[in-house]
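S.K.: One structure coming up, written as structure tokens, with questions to follow.
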Amino acid sequence: MRDYSISTLEVTYTDGNYIFYGDSTEITTLWKSQIVHLIRSGDKIKIQKDGKVLGSYSSIFIKEKEANLTLKIQGVAPSTKKSRRYMNNFMITPEGSNAMKIINLVEMENYLGGVIESEGGGGKPMEYYKVQAILSRTYALGHLKKHAKEGFELCDRVHCQAYHDKLIYTPDIDIAVKATKGIVMLNQELKLAQGFFFANCGGQTSEADFVWNTPVAHCKSVIDTFCTRSRQATWTKKIEVSKWNKFLVEEFGYPAADTLLHQLQYSFNQPQRDAFYQFPQLGVPLRDLRYEFKLKSTWFDCFREGNYIVINGKGFGHGVGVCQEGAMGMAKYNFNYSQILNFYFTGIHLMDYYDWLYIKQNAKNSIE
Ligand SMILES: [Zn+2]
Ligand SMILES: [Zn+2]
């Protein structure tokens with residue numbers, strides 16, 4: 001609940017008993033139809049069950065009585081409107097002058113189920129969910145120090161990976177997460193690889209340096225025919241000629257007075273993905289045009305029609321890494337998760353995380 005500064009939290013029974021500890025002393029057990037309120041009070045947290053105050057503590061630990069239980073939590077002040085269900089254990093401590101830090105101590109596989117459902121939703125092929133599971137797991141394990149200064153590993157926002165509930169509606173996600181248990185993606189240097197993805201490439205993925213200026217060795221452009229019949233593969237947009245000109249001339253000093261280049265100002269063809277408008281010497285990055293005019297992608301052709309520039313584009317998103325609709329297309333043709341990841345990424349390895357840690361440690365020892 002990192003989007004909020006929670007000062008009162010409501011905790012309710014969901015599918016089993018939880019034990020509450022205040023500063024390591026057992027305080028109470030939550031039974032069916034009971035409600036616990038945790039209320040920030042001075043420099044402590046007050047715990048109240050069914051309206052009765054049980055004490056104030058510097059930390060509250062909420063422990064499941066059996067494995068893999070779920071607890072329902074909801075912000076009361078301020079109101080989070082919806083409740084959320086999270087699995088396993090919780091540690092709650094005061095934060096700032098009037099808030100609480102709510103940490104979910106969750107098993108990796110339970111966390112990943114919630115993340116994949118929060119970000120993608122249901123109705124997709126199994127091998128596609130396996131791809132997402134490997135990318136999300138690799139990201140999570142590669143970023144465990146992201147919030148170290150704040151005393152936890154990952155937040156629940158898009159900043160880390162959206163984790164807005166436990167997995168609820170899509171049992172296939174749970175099967176995919178468990179079937180790929182522990183598997184992470186490594187790059188050519190055997191480091192955890194960045195698993196970029198986006199909605200639709202339109203037929204060709206992008207080189208990473210077209211988008212971020214720096215090449216990423218495992219993200220090379222590939223021709224992708226698996227996504228080209230889906231809904232987001234093509235798009236059209238019209239932009240006023242005056243706005244187009246203003247941006248090109250004022251931001252990039254486009255030589256509009258030049259007779260030849262004046263012609264090229266409005267008409268552009270891009271048979272394959274390029275990095276720049278017209279040619280690199282003009283110095284107009286397509287990603288800047290995309291950003292300025294909110295285009296779905298940088299892969300487009302354009303021409304002038306009266307007072308408008310008509311833009312015909314392909315794909316949706318930055319284009320680097322896994323094309324999600326292409327990956328779903330491959331899964332429907334019975335390609336497996338390894339074939340899908342090896343299609344979109346170059347020179348990667350899939351390996352168990354603990355095997356990787358072991359190899360890394362041994363390589364270090366042999367050098368020392
Ligand atoms: Zn974060
Ligand atoms: Zn694609």
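The values are calculated or read from the model by the stated rules, or taken from the named source; none is laboratory data. Because the structure is a prediction, the values reported are computed rather than measured. Virtual Cβ from ideal backbone geometry, glycine too; neighbours counted across all protein chains shown.
S.K.: Can you tell me which of (1) of a type outside the set (Lys, Arg); (2) in a loop (DSSP other than H, G, I, E, B); (3) under 23 Å from the mean Cα position of the chain (by Cα); (4) closer than 28 Å to Gln188 by Cβ is the one Phe335 doesn't meet?
M.R.: Phe335 satisfies all of (1) of a type outside the set (Lys, Arg); (2) in a loop (DSSP other than H, G, I, E, B); (3) under 23 Å from the mean Cα position of the chain (by Cα); (4) closer than 28 Å to Gln188 by Cβ except (3).
S.K.: Is there a residue in segment 252-268 that is within 28 Å of Ala193 (Cα to Cα), surrounded by fewer than 16 Cβ atoms within 10 Å (Cβ to Cβ) and among the charged types (D, E, K, R)?
M.R.: No: segment 252-268 contains no residue that is within 28 Å of Ala193 (Cα to Cα), surrounded by fewer than 16 Cβ atoms within 10 Å (Cβ to Cβ) and among the charged types (D, E, K, R).
S.K.: On the given criteria, is Gln188 under 30 Å from Leu69 (Cβ atoms) and assigned to a loop (DSSP other than H, G, I, E, B)?
M.R.: It is false that Gln188 is under 30 Å from Leu69 (Cβ atoms) and assigned to a loop (DSSP other than H, G, I, E, B).
S.K.: Restricting attention to segment 285-324, and to residues there that are assigned to a strand (DSSP E or B) and under 15 Å from Ala275 (Cα atoms), which single residue is nearest to the chain's Cα centre (by Cα)?
M.R.: Checking each candidate, the answer is Lys314.
S.K.: Would you list the strands (runs of 3 or more DSSP E) that sit entirely within segment 1-99 and hold 1 or more residues that are in contact with a Gly (Cβ under 9 Å, 6 or more places away or on another chain) and under 21 Å from Leu154 (Cβ atoms)?
M.R.: The qualifying strands (runs of 3 or more DSSP E) are 8-13, 60-64, 70-77, 84-87, 89-95.
S.K.: Looking at (1) in contact (Cβ under 8 Å) with a residue 40 or more places away in the chain; (2) assigned by TED's automatic domain parsing to the domain that holds Gly195; (3) surrounded by fewer than 19 Cβ atoms within 10 Å (Cβ to Cβ), which one does Tyr308 not meet, given that it meets all the others?
M.R.: Single failed check for Tyr308: (2).
S.K.: Give the residues of segment 244-265 that are assigned to a helix (DSSP H, G or I) and in contact (Cβ under 8 Å) with a residue 12 or more places away in the chain, sorted by residue number.
M.R.: Residues satisfying the conditions are Trp244, Asn245, Phe247, Leu248, Glu251, Phe252, Leu261, Leu264.
S.K.: Let me ask another. State whether one or more residues within segment 167-177 are free of Cβ contacts under 8 Å to residues at least 40 places away in the same chain, away from ligand 2 (no atom under 16 Å from the Cβ) and surrounded by 17 or more Cβ atoms within 10 Å (Cβ to Cβ).
M.R.: No, because not a single residue in segment 167-177 is free of Cβ contacts under 8 Å to residues at least 40 places away in the same chain, away from ligand 2 (no atom under 16 Å from the Cβ) and surrounded by 17 or more Cβ atoms within 10 Å (Cβ to Cβ).
Yes/no per residue for (1) within 30 Å of Asn342 (Cβ to Cβ); (2) surrounded by fewer than 18 Cβ atoms within 10 Å (Cβ to Cβ); (3) touching a residue at least 12 places away in the same chain (Cβ under 8 Å):
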| position | (1), (2), (3) |
| --- | --- |
| Thr225 | yes, yes, yes |
| Thr236 | no, yes, yes |
| Gly283 | no, yes, yes |
| Phe293 | no, yes, yes |
| Trp299 | yes, no, yes |
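S.K.: Tell me, please, whether a residue that is within 16 Å of ligand 2 (Cβ to nearest atom), buried (at least 21 other Cβ atoms within 10 Å of the Cβ) and in a helix (DSSP H, G or I) can be found in segment 132-150.
M.R.: yes
S.K.: Among residues belonging to segment 107-155 that are among the basic types (Lys, Arg) and more than 23 Å from Leu350 (Cα to Cα), point out the one that is farthest from ligand 1 (Cβ to nearest atom).
M.R.: It comes out as Lys149.
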